[in-house]
Each structure stands twice: as structure tokens, then as C-alpha cells.
Amino acid sequence: MELNRENILIVDDDVHILELIQRHLQALNYHTYKAISVKEAIAILQDKSIDLLITDLKMPGVDGLELVKYVSEHFPNIPKLVVTGFPSIDGALDALRSGAMEYLTKPFTKEELKTAVTKALKEQPKKVQVASNKTEDKKAYGELIGQSPAIKKVTDVIDRVKNNKATVFITGESGTGKELVARSIHYMGKYATAPFIAVNCGAIPENLLESELFGYTKGAFTGADNDRNGFFQAANKGSIFLDEIGNASLATQLRLLRVLQEKEVVRVGSQKVEPVDVRVIAATNVNLKDLIKTGRFREDLYYRLTVVEVEVPPLRDRKEDIPLLVNKFLFKYGVEFKDKLISIAPEALTALERYNWPGNIRELENVIQRSVIMCDKQVTIQDLPEQLKYTIAFPEESQEFLSLKDMEKNYILKVLEATNNNKTKAAKILQIDRKTLGEKIK
Ligand SMILES: Nc1ncnc2c1ncn2[C@@H]1O[C@H](COP(=O)(O)OP(=O)(O)OP(=O)(O)O)[C@@H](O)[C@H]1O
Ligand SMILES: [Mg+2]
């Protein structure tokens, strides 16, 4: 029999149907993943390379149609096959047709399923064309969202290092995604099945870091009752991520230098050398050159660590990625907190695009998380934290200086526009009463 290598994701809240479809597909030699909710399906989509989505429509919580929309938006190359009980009654038929996808009505025979699956997989010429390239990309940066030239530079470096063991040094402001980049380097490459160990050198007390990293022998210090492996031994054949490397003591730095130069470790309390085969990825958001000047960081180690350097750009330098990131977080927290999809009003998105994001992606994620909790169905200006509301009145790019009066006038007009001329809402945002607003409008 011909071997079908496609990965098919089946989503249905009914376990019996899930298993039935799975059995049929396995008999046809497809590889299958199962999810009993949209939430689970999303997790699989983000993690695995899926070639076809088969989903039920009516499911509790977030329903199948929303999953279809999500997949169309985020994974446009994945064909969709909808399995539905009563397409006309569900009123979903038009939606399905407009989405140009296959559907199958329950109950169906094995033959009907086979035909629909084959058709759905075939009828995606786009997918076939880009298969070698684009799908690979999707899989590769799974979570690392962005299409800006600034982030493209980062993904280019990931590509160049993921399949070798070059030491990588990641810099960037707090919250820009340094750890995510480190994980991508490891998990996208050919050593992905080996361990990835992340160590926050700033969070482990200085006197413990050395033995935690390199292990120790029995009796090395009070309390060392046994020989113990360190993170380096645990990460053997894989990668170790040394976050906040600037916090490592000089003694630890010396041992690190040895790992990088000789590919061997020496446990605390021992003289014996042990070979290790570990890729080192280090990160910092302080300037190591300053630490070198004051004698707190070894210059030789610095040069060993910085064989390949990646600078993760601050969010303000890649504002074109904001809508993509916002969508990702809206989906994530919409499903988590509200069990539904939350959208964002255009003015609110504009406010997010204008803001400077000193806390970068972590701050953006927090803002969206909070706004999803605050809002009803849609995130509006009112749901945003104060500092973001101001961006509407004071667009960064504005170079001209206005009088206070004009400024006030512009701001009021903007707020009115943002609230669709709802004076009650506008007055609330402006924190003045309706009457005062009315007078000002006049
Ligand atoms: N490109 C991206 N796409 C999607 N999510 C991202 C991206 N970059 C970062 N994130 C998310 O933003 C948050 C912060 O990222 P991360 O922890 O990697 O930042 P960091 O640079 O290590 O920050 P710090 O210096 O404070 O440790 C994480 O939740 C991460 O998943
Ligand atoms: Mg970090």
C-alpha cells in the first residue's frame, strides 16, 4: 500500500467520532493527532506541522467555525475539512462555502471520508507549491511571531546556527524574546530531541551557581552527601541556555571558559575532567563590555561566547509586527479567560501601534491579557491602560507644536471618533461630565 505521510489533526468533542475517524485514517496510513477542544487543537497546531485539519462545528466553548477562521488566518496553507451533523440547520453552510473548504455530513462511510480527505489534501495547490519552504518556516519559528525586516534578521541567524553547535550570544532589552530565540535555535534544529536546559544565572545564588552548573563530588562542601551531576552533564548532546550570564562569578566564568575551549567540565571538589558535548547559548540585557572594564567579566570568555551574536530588536523597531502579536495574544487569552474569540477595535489597535513599548513583547502580552479580562467582546480604547490612551492624543510622529487649546480640541475630537460619537463614553474617558463636554463641543 502507498504510504501517506500527511499529518492530520482531528478535532471533535465527541470521543467516539474522534476515534472512529482516527481508525479510518490510520487504516489509510495517515498520521493523526486528536483534540477534543479548540484549545487543545491550537496547542497542537502551534507545535506540530499539520497537513490537514478535520473539525467538527458544534463544540462547547469556542466552536469549530472559529477554529476554521483561526486556521485560515494563521495557517493559510492548511486545508480544512469540516464534519458536521446538520450543515443547513447550523446555518454554517454559507460560511463553509465562502471559506472554500471541504465538508462532510454525518453520518459518513469510510469511503466518503477517504474521498473528502483526498480531495481536501489535493485541492490546495498553494500548499503543494510552498510545501518545501513555507510550511517549514511555520514549523520552524512556531511561536516566534513577526514578519518585519528586524525580526527576519533574527530568524536568519537561527537558520544558520540551528543545525550546528556554534556558541550563540543573544542580546536585547528585557521582554524582547531572548529566551524564545534560544528555544527556537534548539528546537528547530537537528538536535531538538536532545535536552534543552535553561538556567537563569541571576536567580541562583552566586555560591550555588557553580555546583549547579558543573556538578559536585561527595564531600565537596558541607551538605554534599553524594556526587551530583550539574546542568552541563544533564544537557549533554543538547543545548544549555545561560540567561543573565553577567551574573556568573569569576570562578564560574573560568569553568565556562574551559567548557567552551576544551569541551570538558570539572565538578566542584574534583580534579577529574569529563567530556561534554553541549551547545552554549548565552543571553544578557546588560552590557558585558562595561563589566569587562570594571574587571567583573573575563574578556577571553566574552570572545568565546560571542562567536555568533544575535540582537533581538526592541518592539518599537518592529511596530509592523504589533497586529500579528496582538492577534496571537487575543486568541490565547480569549480562549483562556472568556472561552471565546475577542477582537480589537481599530482605534485601540492604533493606540497599541503608537505606543513605545519600553517593556517590549512581555508588556504587550500583559496589556492584552488585562484588556481581554476587562472587555466584553471587543477590546476598545477604554479597556487599555492609561499610558496607552494618551498615544491617541499625542501621536509620536507628530512634529508640530500645537497650542493647548488646539491640543484639547484635537484630543476631544479623537476620543469622540474612537467612541463613535458616544458622548457618555467620551466624557468618561476624558473624566469630565457630559455637560462640560457638550459645552466644549460647542
Ligand atoms: N516574536 C515573538 N512572538 C510571540 N511571542 C513572543 C515573541 N517574542 C517574545 N514573545 C513572548 O514574550 C514574552 C517575553 O519573551 P522572553 O521571556 O523570551 O523575553 P526575554 O528577552 O528573555 O526577557 P528578559 O530579558 O526579561 O528575560 C514571552 O512570553 C514570549 O513567549
Ligand atoms: Mg529572559
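Each value in this text was obtained by applying a stated rule to the coordinates, not by laboratory testing. Just so it is clear, the model here is predicted, and its values are computed rather than measured. Note that each Cβ is placed from the backbone with ideal geometry, even for glycine, and that neighbours are counted across all protein chains shown.
How do 186, 24, 74 rank when sorted from fewest to most other Cβ atoms within 10 Å of their own Cβ?
Placing the least packed residue first, the sequence is 74, 24, 186.
Does anything in region 308-325 have its amide N under 16 Å from the 7 Å Cα→Cβ label point of residue 143, and if so which residues?
Within reach of a label on residue 143, which here means backbone N under 16 Å from a point 7 Å along Cα→Cβ, region 308-325 contributes 325.
Given only helices, namely DSSP H runs of n ≥ 4 each adding -39500 (n - 2.57), what is the per-residue ellipticity at 222 nm of the chain, to the nearest 500 deg cm²/dmol?
Computed mean residue ellipticity for the chain: -13500 deg cm²/dmol.
Mind checking the full-extension length gain between residue 442 and residue 387? Use 0.36 nm per residue of separation minus the Cα-Cα distance, one decimal, nm.
So the chain would gain 17.0 nm between residue 442 and residue 387.
Taking 0.36 nm per residue of separation and subtracting the Cα-Cα distance, what length does fully extending residue 339 through residue 254 add?
25.5 nm
Report the full-extension gain for the segment residue 105 to residue 122: residue separation times 0.36 nm, less the Cα-Cα distance, to one decimal in nm.
Here the answer is 4.2 nm.
Given R₀ = 51 Å, FRET efficiency for residue 324-residue 115 by Cβ-Cβ distance, to 0.05?
Step by step, r from the Cβ atoms, then E = 0.90.
Run the simple label-point estimate for residue 274 and residue 200 please: 7 Å along Cα→C-beta, distance reported in nm.
2.6
Residue 405: which aspartates and glutamates have alpha carbons under 15 Å from its alpha carbon, excluding same-chain residues fewer than 8 sequence positions away?
439
Simple spin-label model, 7 Å along Cα-to-Cβ: residue 309 to residue 373 in nm?
3.9
What distance in nm lies between label points placed 7 Å from Cα along the C-beta direction at residue 404 and residue 160?
5.4
Of the peptides 360-367, 178-185, how do they stack up when ordered by the mean number of other Cβ atoms within 10 Å, highest first?
178-185, 360-367
Of 152/414; 34/190; 122/153; 34/58; 237/328; 162/272, which ones are farther than 24 Å apart at the Cα?
From the list (152/414; 34/190; 122/153; 34/58; 237/328; 162/272), the Cα-Cα distance tops 24 Å for 152/414; 34/190; 122/153; 237/328; 162/272.
Given R₀ = 25 Å, what would the calculated FRET efficiency be for residue 29 paired with residue 190, taking r from the Cβ atoms and rounding to 0.05?
0.45
Take each of the peptides 202-215, 287-300, average the number of other beta-carbon atoms within 10 Å over its residues, and list them starting from the highest.
202-215, 287-300
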